[in-house]
Amino acid sequence: MHSTAGVIALAAALWCNPPAQAVERTVAVFDFELVDTSLQGATFGPSGEEQARLASVGQELRKRLTQTGRFEVVDIAPVAAKAHAANLQSCGGCDAQLARELGAKLAITGWVQKVSNLILNMNIAVRDTDTGKLVAVMSVDMRGNTQESWSRALNYLVVNRLLVPGGLG
């Protein structure tokens, strides 16, 4: 049985000496890519709006990971040209190698697959840079090729998959 004095002492000790923060992990979040198998994409190529959305979701993911205080997001600029020249989601782990060059422990790649303007999905893969092995892979379907649908898809992946236990949480 716990005495009141013991409980108060424990509470005071925890208040004066809060638990250490989780160790910050370094992560390289690469720019999202578009895999466009739609008729529109085959005919007209990628749209400027889609290119802007790809940049936007990458920036938002970096921001959201930084805001948790659990990740240090490294600048990908030194390897950006190499990353843009590669197809990161299918390059056999080159993302981990590029992230390792930046000093990151995790490499995050993302891509949006577009079947049509109505049917798309957003995907995120997380790879350990030491082993090259996938740590987590997640995907969500979205309906509609709008800024709102892309933002909601990213939010779903961050809140319900990436930052929960079993994701990176």
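Given the structure, is Ser38 of a type in the set (Ser, Thr, Tyr), farther than 19 Å from Leu134 by Cα and at pLDDT below 95?
In short, no.
Of all residues in region 108-122, which are over 15 Å from Arg62 (Cα atoms) and either buried (at least 18 other Cβ atoms within 10 Å of the Cβ) or more than 18 Å from the chain's Cα centre (by Cα) (or both)?
Matches in region 108-122: Val112, Gln113, Lys114, Val115, Ser116, Asn117, Leu118, Ile119, Leu120, Met122.
Pull up region 30-64, narrow it to residues that are free of Cβ contacts under 8 Å to residues at least 40 places away in the same chain and of a type in the set (A, V, I, L, M, F, W, C), then point me to the one that is nearest to Leu106 (Cα to Cα).
Here the residue is Ala55.
So, in region 83-97, how many residues would count as being more than 21 Å from Glu60 (Cβ to Cβ) and modelled with pLDDT of 95 or more? Before you say what the answer is, go through the steps one by one.
First, pick out the residues of region 83-97 that are more than 21 Å from Glu60 (Cβ to Cβ): 85-87, 90-94, 96-97.
In the following step, the residues that additionally are modelled with pLDDT of 95 or more were identified as 94, 96-97.
Of the residues in region 83-97, 3 are more than 21 Å from Glu60 (Cβ to Cβ) and modelled with pLDDT of 95 or more.
The values are calculated or read from the model by the stated rules, or taken from the named source; none is laboratory data. The shown structure was predicted, so the numbers you read here are calculated from the model rather than taken from an experiment. For neighbour counting, all protein chains shown are included, and Cβ atoms are generated from backbone atoms with ideal geometry for every residue, glycine included.
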